[in-house]
Amino acid sequence: MDRIIFIVCDGLADRPIKELQGKTPLEGAKKTNLDSLAQRGIVGLVHTIDRGVRPGSDVAHLALFGYNPKVYYTGRGIFEAIGIGMDLRPGDIALRGNFATIDKKHKIIDRRAGRIDNTEELVAALNKINKIEGIKCLFKKGTGHRVGVILRGSGLSAKVSDVDPHIVGRNVSLSKPLEKDKKSAFTATIINQLTQKTHEILSAHKFNTKRIKSNLKPANILLTRGASKAMHILSFKERYDLKALCIAGAGLYKGIARALGMDIIEVAGATGKPDSDISKKIQKAIQMLPKYDFIFIHIKGADSLAEDGDFLGKKKFIEKIDAALKPLTRLEDTLIVLTADHTTSSTLRLHTADPVPVLISGYDIHTDDVLSFTEHDAYKGRLGHLRGLDLMPTILDYLGRAPLYGA
Ligand code: ZN
């Protein structure tokens with residue numbers, strides 16, 4: 001075996017649900033192919049960050065790929081920016097931006113400006129800001145109301161608070177330094193000037209005058225959050241000597257993959273939503289296998305459905321994943337790894353720290369006695385309990401690519 005298909009089903013695991021007779025959506029789902037992969041391999045439980053730590057999707061993915069988030073995670077902004085194709089240089093500060101609507105007293109009316117989407121003109125107008133106190137300001141349209149923001153120049157820090165108060169009805173916040181150093185204070189002043197400039201430019205823009213005439217909310221300010229600092233990260237190729245490819249619908253996961261030097265391939269119908277065409281993603285992965293050593297497939301739907309409290313939808317979605325996996329059960333010479341980045345509880349509607357099941361499946365693996373791929377049965381598996389960071393070394397060992405310790 002010399003190749004890996006690495007599937008992360010976002011938020012796949014759950015907790016027992018009364019309406020499902022105490023089963024989780026995974027336990028309740030019809031899933032012959034997941035079970036068959038589990039039977040052909042070994043199973044265990046992963047604490048993606050550590051016991052008792054509720055992971056965000058971003059840090060969980062870094063850990064699953066073997067990159068310690070305590071070292072490599074400085075905030076989500078950089079991955080969002082990279083995900084929409086912005087080029088980051090070490091030292092850049094990336095922020096997540098939202099077009100929003102505020103009133104004359106700077107109170108937030110709508111954090112998404114009526115879920116505005118056609119923002120190309122507005123983004124072009126913002127790019128005319130060019131520089132503030134010598135700091136280059138770059139903007140790129142993201143999906144919907146979202147905008148990637150990069151600050152480039154010397155003396156910047158990511159230790160600054162958000163302008164976006166995250167709550168409608170509140171006033172726009174001032175960015176404040178979170179550490180007592182010159183760089184943080186300077187960056188906060190740049191961000192505050194930038195926010196003011198976006199308000200001036202956007203309020204006067206004819207695009208917004210038209211929106212107001214049509215009774216639509218104007219996108220009259222850019223709210224930023226999640227400042228993070230770009231750093232040099234060793235790529236998958238440099239770190240593991242694996243040529244890696246990412247197949248994902250949602251931007252964040254493409255951003256993480258791109259930050260780790262993976263190639264990205266777009267698949268028609270991969271939406272990052274429950275309607276995503278999972279079969280096409282799996283077929284594309286199989287098609288690309290001869291060219292890559294490591295293919296990461298991200299499947300988002302189960303997480304979103306659980307966050308909406310839709311456990312029946314989640315169960316159905318897991319059945320859709322299962323059906324799409326059929327071609328993988330017949331694949332020779334390829335290691336199949338499938339896990340989740342965290343548990344998403346459909347009753348709590350949030351990520352929890354419960355460990356997630358993982359399977360590693362391939363023809364020359366010592367199997368265990370686990371017949372069913374579930375949260376409940378995974379603890380009986382041969383892999384036992386792993387931290388997210390242990391997964392890549394384990395996989396590399398199965399591939400015969402783990403470095404020798406000692407002589
Ligand atoms: Zn997630």
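The values are calculated or read from the model by the stated rules, or taken from the named source; none is laboratory data. Since this is a predicted model, take the numbers as computed values, not measurements. Note: ideal-geometry Cβ built from the backbone for every residue, glycine included; neighbour counts use all protein chains shown. Ligands, DNA and RNA are stripped out before the accessible areas are found, and what is left, the full protein with its side chains, is counted by its heavy atoms. Shrake-Rupley method; radii C 1.70, N 1.55, O 1.52, S 1.80 Å.
Structure above, values below:
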read-out: Cut-off under 5 Å, modelled amide H: who pairs with residue 276 long-range; value: 271
read-out: Farthest positive-ward along region 80-228 dipole, Cα basis, beta-carbon charges - from 187, 123, 216; value: 216
read-out: Calculated [θ] (222 nm, deg cm²/dmol) that DSSP helices of n ≥ 4 give over the chain, each run adding -39,500 (n - 2.57); value: -8500 deg cm²/dmol
read-out: Most to least packed among 371-377, 257-263, 345-351 [average Cβ atoms within 10 Å]; value: 257-263, 371-377, 345-351
read-out: Of the GluC sites (Glu not before Pro) in region 105-200, those whose Cβ has at most 15 other Cβ within 10 Å and which sit in DSSP loop; value: 133, 179
read-out: Sequence-distant residues sharing a close amide H with residue 263 (under 5 Å, placed H); value: 244, 245, 246
read-out: From phi via Karplus (6.51, -1.76, 1.60), per-residue ³J(HN,Hα) for region 183-196 in Hz, x at Gly/Pro; value: 4, 5, 4, 4, 4, 4, 5, 4, 5, 5, 5, 4, 4, 4
read-out: Rule-of-thumb Rg ratio for region 97-253 [Cα; 2.2 N^0.38 Å; N residues]; value: 1.15
read-out: Accessible area per residue in Å² at 1.4 Å probe, computed on the chain; value: 44
read-out: Calculated from backbone phi, Karplus (6.51, -1.76, 1.60) coupling profile of region 214-219 in Hz, x at Gly/Pro; value: 8, 6, 9, 6, x, 8
read-out: Among 253, 363, 379, residue whose mean-square fluctuation peaks in a GNM of the chain (springs only between Cα atoms under 10 Å); value: 363
read-out: Karplus-derived HN-Hα couplings along region 41-49 (A = 6.51, B = -1.76, C = 1.60, θ = phi - 60°), whole Hz, x at Gly and Pro; value: x, 10, 10, x, 10, 10, 9, 4, 9
read-out: With every protein chain in place, region 80-228: carbon and sulfur % of accessible area (1.4 Å); value: 52
read-out: Extended-chain gain in nm, criterion 0.36 nm per residue less alpha-carbon gap, residue 397 and residue 348; value: 13.9 nm
